[in-house]
Amino acid sequence: MACMSLDVDRIRSSFPALSQGVAYFDGPGGTQTPREVADAIAATMTAGLSNHGTVTAAERRAEEAIVAARSAVADLVGCRADGVVFTRSATQAAYDVSRALAKRWGRGDEVVVSRLDHDANIRPWVRAAEASGATLRWIEFDRDTAELTVADVAAQLSPRTRLVALTGASNLLGSRPDLPAVAEAVHAVPGALLYVDGVHLTPHAPIDVAELGADFFACSPYKFFGPHHGVVVADPALLEELHPDKLLPSSDAVPERFELGTLPYELLAGTTAAVDFIAGLAASEGSRRQRVLTSMRAVEEHEDELFTHLLDGLSAVGGVTLHGSPKRRTPTALFSVAGHTGQQVYEHLAGLDVNAPASSFYALEASRWIGLGDDGAVRAGLAPYTSTEDVDRLVAGVAALAGR
Ligand SMILES: Cc1ncc(COP(=O)(O)O)c(C=O)c1O
């Protein structure tokens, strides 16, 4: 499929895993890894590495890995480097931030979560609300279209709203709420904050946290070619207000006070390499931030085009039901095949070297809300390395099963 600025063949050549003939549609669960990222991790581990510090070269390497990764994430999402917090996972980030915020909540305060979200951006807030005595409110969404509107959010706001937790994009259905409009509504309540789960949005769109209006924005590098850890970013001034539990001798500075224990220096080097890789996806010039934005616009364009091809292909197969049809969406299709369980479709496709799992993918509330229960359905997500041939193989595989 032609795309002006994304050379998919060139991109694919950076991924050793793609030479094995498997078509990966499980990017929403974690993308494949480019050689550059794996090399950066190995190089950091073997160069001589100690606990970060300033005296030995090995200490300085660790320190540089941290500083470089904060700056890389800042270029990826358009925030300040000193507002970048590294965590074990996005799930841990939400638990940590929710516990820190909940110290300021009490009876009568309201915390708002959504049925669209991954459980990582629901359960930590449910727990924190319970622990603080705050009231929990739920944002619902349209069961047929899978759209979650500003009105759906506004319906749950009140003068007592302290926090709204909402996804930038659903990892199950692809729906992308209008975050700037949501942020405007949330911020009309004095003192209310917006925590955005950007895990599924970040791999698919240019991100500018200030434009989105997110007070906190979480993402996971392993969803965009990087290693397995989490990130949450915020204005350093907001982080200064919060006092998470921490060890006595560890730094009380921001953002370090939010980072418990020794950071995974090698993984941080991998994340820097992932952001550099993204900056190089489309041929462009300028600062890394500018190149990231150009690349991500090209990714969006490429994925939109290929996604239309995927949806056309799947909807032409008799017996296939596509779940949700949000207008603004990531290239993430959720579907069922009549007469077959999701697990059967998943296993059938796996036998054809097409990886498209079936599950609720931890978006359990959303899956139940749209009537798919705890089992969910089959999910096919695109990535910048997805080729037209991959999509054709998926569709042919589904058609072969549906025709039986
Ligand atoms: C939208 C979304 N949020 C949160 C998570 C959890 O991320 P992590 O594994 O970094 O905790 C995922 C993982 O699939 C996700 O897709």
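The values are calculated or read from the model by the stated rules, or taken from the named source; none is laboratory data. Everything quoted here is computed from the prediction, not taken from an experiment. Methodologically, a virtual Cβ is constructed for each residue, glycine included, from the backbone with ideal geometry; neighbour enumeration extends over all protein chains shown. Heads up: the accessible areas ignore ligands, DNA and RNA and are worked out on the full protein's heavy atoms, side chains in. Shrake-Rupley method; radii C 1.70, N 1.55, O 1.52, S 1.80 Å.
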In the set 75, 7, the lone residue that is surrounded by fewer than 18 Cβ atoms within 10 Å (Cβ to Cβ), under 25 Å from the mean Cα position of the chain (by Cα) and away from the ligand (no atom under 16 Å from the Cβ) is 7
When the range 252-276 is checked residue by residue, the ones that are open to solvent by 40 Å² or more (accessible area, probe 1.4 Å) and within 22 Å of residue 104 (Cβ to Cβ) are 252, 253, 256, 260
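Do you know which residues across the range 78-104 are part of a loop (DSSP other than H, G, I, E, B) and either within 13 Å of the ligand (Cβ to nearest atom) or surrounded by fewer than 21 Cβ atoms within 10 Å (Cβ to Cβ) (or both)? Step through it out loud before you land on a result.
Going residue by residue through the range 78-104, those that are part of a loop (DSSP other than H, G, I, E, B) are 78-80, 88-89, 103-104.
Hits for the range 78-104 are 78, 80, 88, 89, 103, 104.
Do we find a residue being basic (Lys, Arg), away from the ligand (no atom under 16 Å from the Cβ) and within 27 Å of residue 116 (Cβ to Cβ) anywhere in the range 363-381? Walk me through it before giving the result.
If we filter the range 363-381 for residues that are basic (Lys, Arg), which is where we start, we get 368, 379.
Next, from what is left, pick out any that are away from the ligand (no atom under 16 Å from the Cβ): 368.
Next, only the ones that are within 27 Å of residue 116 (Cβ to Cβ) stay: 368.
Yes: the range 363-381 contains one or more residues that are basic (Lys, Arg), away from the ligand (no atom under 16 Å from the Cβ) and within 27 Å of residue 116 (Cβ to Cβ).
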Of (1) more than 16 Å from the ligand (Cβ to nearest atom); (2) assigned to a loop (DSSP other than H, G, I, E, B); (3) among the small types (Gly, Ala, Ser), residue 237 satisfies every one except (2)
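So that you can scan it fast, the table gives a plain yes or no per residue for (1) within 16 Å of the ligand (Cβ to nearest atom); (2) within 20 Å of residue 91 (Cα to Cα):
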position	(1), (2)
228	yes, yes
241	no, no
253	no, no
256	no, yes
For the range 207-256, the count of residues that are more than 30 Å from residue 297 (Cα to Cα), out of contact with any strand residue (DSSP E or B) (no Cβ under 9 Å at 6 or more places or on another chain) and of a type outside the set (A, V, I, L, M) equals 10
Note: among 371, 376, just one is over 23 Å from the mean Cα position of the chain (by Cα) and not aromatic (Phe, Trp, Tyr), namely 371
Expected output for the range 38-61 (first residue closer than 15 Å to residue 226 by Cβ and at pLDDT 95 or above, partner assigned to a helix (DSSP H, G or I) and open to solvent by 50 Å² or more (accessible area, probe 1.4 Å), Cβ below 9 Å, 6+ apart or cross-chain) is 38/16; 40/276; 44/61
| message | Please determine whether any residue of the range 23-31 is within 16 Å of the ligand (Cβ to nearest atom) and in contact with a Phe, Trp or Tyr (Cβ under 6 Å, 6 or more places away or on another chain). | response | yes
Filter the range 32-66 for residues that are among the small types (Gly, Ala, Ser) and crowded, with 18+ Cβ neighbours inside 10 Å; the one that is farthest from the ligand (Cβ to nearest atom) is 62
Of the conditions (1) surrounded by 24 or more Cβ atoms within 10 Å (Cβ to Cβ); (2) within 12 Å of the ligand (Cβ to nearest atom), the single one that residue 176 does not satisfy is (1)
Residue count, the range 183-194, condition within 27 Å of residue 368 (Cβ to Cβ) and either within 16 Å of the ligand (Cβ to nearest atom) or of a type outside the set (A, V, I, L, M) (or both), comes to 1
Residue set 197, 245; condition within 12 Å of the ligand (Cβ to nearest atom) and either open to solvent by 20 Å² or more (accessible area, probe 1.4 Å) or in contact (Cβ under 8 Å) with a residue 12 or more places away in the chain (or both); output residue 197
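If you take the residues in the range 129-146 that are within 16 Å of the ligand (Cβ to nearest atom) and touching a residue at least 40 places away in the same chain (Cβ under 8 Å), which one is surrounded by the fewest Cβ atoms within 10 Å (Cβ to Cβ)?
So in the range 129-146, the residues within 16 Å of the ligand (Cβ to nearest atom) come out as 139, 141, 146.
Still in the running and touching a residue at least 40 places away in the same chain (Cβ under 8 Å): 141, 146.
Working: 141: 24, 146: 22.
Per the stated criteria, the residue is 146.
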Of the residues in the range 109-128 that are open to solvent by 10 Å² or more (accessible area, probe 1.4 Å) and under 19 Å from residue 142 (Cα atoms), the one that is farthest from the ligand (Cβ to nearest atom) is 115
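Residue 403 - would you say it is modelled with pLDDT under 95 and either touching a His at 6+ places or on another chain (Cβ under 8 Å) or over 24 Å from residue 18 (Cα atoms) (or both)?
On the way: modelled with pLDDT under 95: yes; either touching a His at 6+ places or on another chain (Cβ under 8 Å) or over 24 Å from residue 18 (Cα atoms) (or both): yes.
Taking the combined requirement at face value, the residue satisfies it.
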